[in-house]
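Presented below is the structure to which this report refers.
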Amino acid sequence: MTFVSETGSAGYPTGAWRPSGPLRMTPARWAVLVVAVPVALALIGWTGFSIVSLLAKGSYPFSSVVQVHNGQVNENLNLGNITLRQVSGGAARVTGTVQYGLFRPGLTERALGGASALGVNCDGVNDNCDVNATLDVPARTAVTLASDGGNIAVSGFAGNLTLSADGGNMTGSGLSGTIQISTEGGNVGAGNLDGPMRMYTGGGDLNGNGLTGDLTVSTEGGNVNANAVISQQVYVQSGGGEVTLAFTQPPQNLQVISEGGNVNLVLPNGGTTYDISAHAQGGNLNIPSGLASAASHHTIAVTSGGGDITISRAG
């Protein structure tokens, strides 16, 4: 018996399509290659670079003396999170550690009029770049401190303070003196503050506890929540968040303006009455009749753009 192969010439089955010759490179095919090949190579290179950058780890410490002019430190720090401390003696100094990936970022320092600026350039190629710094200042030194984005924390500080952050959170406890705290987007946490206080947040919440001294609070949209308030002069303005204030002593003059959130005021027990002016545009008023007296020297003025207003005694 004779077997006959059904394969035609060049190894292709009989009747199957076969190329007539080498693939012809048309202008369109050349254009695709010109664009696609460099893009593919760039993606491969960038992926490899990113992996190396993430795996690479380096660090170095730094220490810089800060000038004190007339008992005042004025410093602008672009150094990630910052801890402010008051020390018993010695020079004012910034210390910390820079952690980085593939490239070592430099430390830059420059004078800005009566202030100085210190920073680390953590640009886009340093995925692992991070800085944590501590600012130590001698006792009885006033401080003006600005952060370009990191958090600021301070505790146990006696003296005038002006703290500002572009977006980080602010935390202060055990402070006495004239205190100004502001952040463009982060939250503010304040505990056991004694002295005239001005606090501002561009959108975050403000939480306080144990506040003594004249108090001014402004927030663009976050909530305001303060307990154990002893301040006699209080002004609070909220761009939209709720306002909750609980007092342990009767305030002398209390003014609250809320653009839309609810307002809840808790006053201490006792026989103190208040000259109350309250306006809720669209919300409800909840005020006990025995709490208000037009003859009182303690005044409360509350306005809400849409939320409820509730004034009560503790307990």
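The values are calculated or read from the model by the stated rules, or taken from the named source; none is laboratory data. All figures in this text were calculated on a predicted structure; none of them were measured in a lab. In this analysis, Cβ positions are derived from the backbone assuming ideal geometry, glycine residues included, and neighbour counts consider all displayed protein chains.
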Sole miss for Gly159 among (1) modelled with pLDDT under 90; (2) surrounded by 17 or more Cβ atoms within 10 Å (Cβ to Cβ); (3) assigned by TED's automatic domain parsing to the domain that holds Gly210; (4) not aromatic (Phe, Trp, Tyr) is condition (1)
With Gly221, Gly240, Gly306, Gly208 as the choices, which residue is touching a residue at least 24 places away in the same chain (Cβ under 8 Å) and of a type outside the set (Phe, Trp, Tyr)? Gly306
Pair list, Cβ < 6 Å and 6+ apart or interchain, from the range 95-110 residues that are touching a residue at least 60 places away in the same chain (Cβ under 8 Å) and among the hydrophobic types (A, V, I, L, M, F, W, C) to residues that are loosely packed, with under 14 Cβ neighbours inside 10 Å and not in a strand (DSSP E or B): none
Residues in the range 120-143: is at least one closer than 19 Å to Phe62 by Cα, over 21 Å from the mean Cα position of the chain (by Cα), modelled with pLDDT under 90 and crowded, with 19+ Cβ neighbours inside 10 Å? yes
Looking only at the range 79-115, and only at residues there that are in a loop (DSSP other than H, G, I, E, B) and among the aliphatic types (A, V, I, L, M), the one that is nearest to the chain's Cα centre (by Cα): Leu79
For the range 161-212, enumerate the residues that are over 22 Å from Arg85 (Cβ atoms) and small (Gly, Ala, Ser). Gly167, Gly185, Gly202, Gly203, Gly204
Looking at the structure I just gave you, is Ala115 in contact (Cβ under 8 Å) with a residue 12 or more places away in the chain, among the aliphatic types (A, V, I, L, M) and not assigned by TED's automatic domain parsing to the domain that holds Glu184? yes
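Search the range 144-155 for residues being assigned to a loop (DSSP other than H, G, I, E, B) and farther than 20 Å from Leu193 by Cα, and hand back the single one that is modelled with the highest pLDDT. Before the answer, list the steps.
Just the residues of the range 144-155 that are assigned to a loop (DSSP other than H, G, I, E, B), to begin with: 148-151.
After this cut, where a residue has to be farther than 20 Å from Leu193 by Cα as well, the list is 148-150.
Numbers: Asp148: 83, Gly149: 76, Gly150: 87.
Here the answer is Gly150.
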Answer from Asn223, Asn209, Asn284 - the residue that is more than 22 Å from the chain's Cα centre (by Cα) and among the polar types (S, T, N, Q): Asn284
Among Gly271, Gly241, Gly222, Gly208, which is over 18 Å from Ser304 (Cα atoms) and buried (at least 18 other Cβ atoms within 10 Å of the Cβ)? Gly208
